[in-house]
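What follows is one structure encoded as structure tokens, with my remarks underneath.
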Amino acid sequence: MRKSLKKLGGLITCGILISNLLAGCGSSTSTETAATGATEEAAAVESAAGQASAETDAETTAAADTADAQNFEGVKLVYWSNWEATEPQGVVIAEAVKAFEEQTGATVDLQFKGRKGIKEGLIPALDADQQVDMFDGAQNKSNYGDRILCLEDLTAAADYEKDTNPVLMELSRSYYDDGKLYEIPYQMKANGYMYNKSLFEQAGITEAPDTWEKFLDTCQKLKDAGITPLTTDDAYAMQAFGMHLARLIGDEEVKKVVNEGTWDRPEVLETAQAFEDLASKGYFSSQVGSNVWPTGQNTELATGTVAMYCVGTYVVNETKNITGPDFKWGFFGYPELEDGINGLEAMVIGNQSFAITNKCENPEAAFALIEMLTRGEWDAKLSQESLAIPADVNNTSWPEQLMDAKPYMDNCTEIFATSGGLENNPDITPALKENLLKLYAGTCTAEEFVDNMLAASKG
């Protein structure tokens, strides 16, 4: 099974560029028309402007009205959601479902099961022939096997992919042996360094670093200004180390390290030495070695006592009750390394996703609801209310707190596995977290880290 997405090449890059152009302009007709002749240029421009405006308006409202043109009178859908009813996502989804019912005549039995309910209850329910037509939850639903439907025909019929990041669609396909689409991504997230722009400004830092040397310089400037540069905790200790190692050898090789126990690779030592250097220079929080999640994000980053935290964009929503509306969020992708095999085009990106089950008697209706939730008005509302990245590439109204992540998302042509592949072996995770926190706290050397992980891998 393909478990990660590798380089997609120039075709995907072009796809992203084309999507961005379409999102910004609405149509290329004006270029084609204007080229018909110099004498017709003024008329063509005027005509194209009106057409572009009309098309842009149509694109903006088309997704929200997708269900409007479809009649599903008498259709009943059972929808299990991994959100809680009181979460921002749950509130918006409930509103959207009501609108869908009003527009289509369908009836939707929306059940908020929460993460645990989906994880523990859905497969037994389906195996017991319980009617569940569609559900949402974490990306990669390959463990459901033939309990979920292939969505290739439905997406093709709706021309759905024209408004979706092509990299994320290919990522969704990469989870399945046949390379086909079984889930629709939404609630996007990007992982890198979330940082406090106000603290950067206090230290005289005007640009986020894009290379390791610039990152070190940023850390030093923050320290010189009396600001602690970095923190993490047990939940996210693997993020930075894994992405650093993946910069050197790629995420598939990182997976080999954790699964085969090849911690004596020179690149592992090089990565450990980089973090030993950060610790020795006093760049990490003094309490990093004992931080248990959510200490790092809540009591250090969100309160403004530490400048940077390697985590996902979802931290903005998780800490909003602490930071308040005036907190100035920034984001940058994991820095490039001089001897690395990849650069900023390779990122950890994830999402939630929708799927339709094999119990669904009307998959067209279920897909229409999915389309409504991931396009136009409702996608934009989900994004704003939950402070998440929109699924619809035409939705340019990103939450202000996440705007810095957009150019990195647009530039992404390779998606790393979680923590650059470092979380691929749960058996070694406890020892890895423990020794990484020691490394960051300066209580073990790079060499000791390698030795400890070799010992842990041997059992």
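The values are calculated or read from the model by the stated rules, or taken from the named source; none is laboratory data. In this text the structure is predicted, and so the values were computed from the model without any measurement. All Cβ positions, even for glycine, are placed from backbone atoms using ideal geometry, and neighbour counts span all protein chains on display.
What the table below lists for this structure:
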{"quantity": "Qualifying position, being within 18 Å of the chain's Cα centre (by Cα), closer than 20 Å to CYS360 by Cβ, outside any helix (DSSP H, G or I) and in contact (Cβ under 8 Å) with a residue 24 or more places away in the chain, among TYR195, TYR186", "calculated": "TYR186"}
{"quantity": "Residue within the range 56-72 that is among the hydroxyl-bearing types (Ser, Thr, Tyr), within 25 Å of the chain's Cα centre (by Cα), at pLDDT 95 or above and not in a strand (DSSP E or B) present", "calculated": "no"}
{"quantity": "Contacts under 7 angstrom Cβ, first residue in the range 428-451 being farther than 11 Å from TRP263 by Cα and at pLDDT 95 or above, partner acidic (Asp, Glu) and crowded, with 17+ Cβ neighbours inside 10 Å, 6 or more apart", "calculated": "THR429/GLU423; LYS433/ASP234; LEU437/ASP234; LEU439/GLU276; THR445/GLU276; ALA446/GLU276"}
{"quantity": "Selected residue [assigned by TED's automatic domain parsing to the domain that holds GLU73, of a type in the set (Asp, Glu) and closer than 25 Å to THR86 by Cβ] from GLU152, GLU120", "calculated": "GLU120"}
{"quantity": "Qualifying position, being buried (at least 23 other Cβ atoms within 10 Å of the Cβ) and part of a strand (DSSP E or B), among LEU230, LEU222", "calculated": "LEU230"}
{"quantity": "Qualifying residue in the range 280-295 (condition: touching a residue at least 60 places away in the same chain (Cβ under 8 Å), among the aliphatic types (A, V, I, L, M) and surrounded by fewer than 20 Cβ atoms within 10 Å (Cβ to Cβ))", "calculated": "no"}
{"quantity": "Residue that is surrounded by the fewest Cβ atoms within 10 Å (Cβ to Cβ), among those in the range 111-137 that are more than 17 Å from LEU181 (Cβ to Cβ) and aliphatic (A, V, I, L, M)", "calculated": "ALA128"}
{"quantity": "Conditions (1) assigned to a loop (DSSP other than H, G, I, E, B); (2) in contact (Cβ under 8 Å) with a residue 24 or more places away in the chain; number of the one not met by THR262", "calculated": "(2)"}
{"quantity": "Matching entry among GLU32, GLU40, GLU46 (being surrounded by 13 or more Cβ atoms within 10 Å (Cβ to Cβ), part of a helix (DSSP H, G or I) and modelled with pLDDT under 50)", "calculated": "GLU40"}
{"quantity": "Candidates LEU168, LEU181 - the one that is crowded, with 18+ Cβ neighbours inside 10 Å, assigned to a loop (DSSP other than H, G, I, E, B) and either touching a Leu at 6+ places or on another chain (Cβ under 6 Å) or assigned by TED's automatic domain parsing to the domain that holds ALA85 (or both)", "calculated": "LEU181"}
{"quantity": "Test: residue in the range 442-457 that is crowded, with 20+ Cβ neighbours inside 10 Å and under 26 Å from the mean Cα position of the chain (by Cα)", "calculated": "no"}
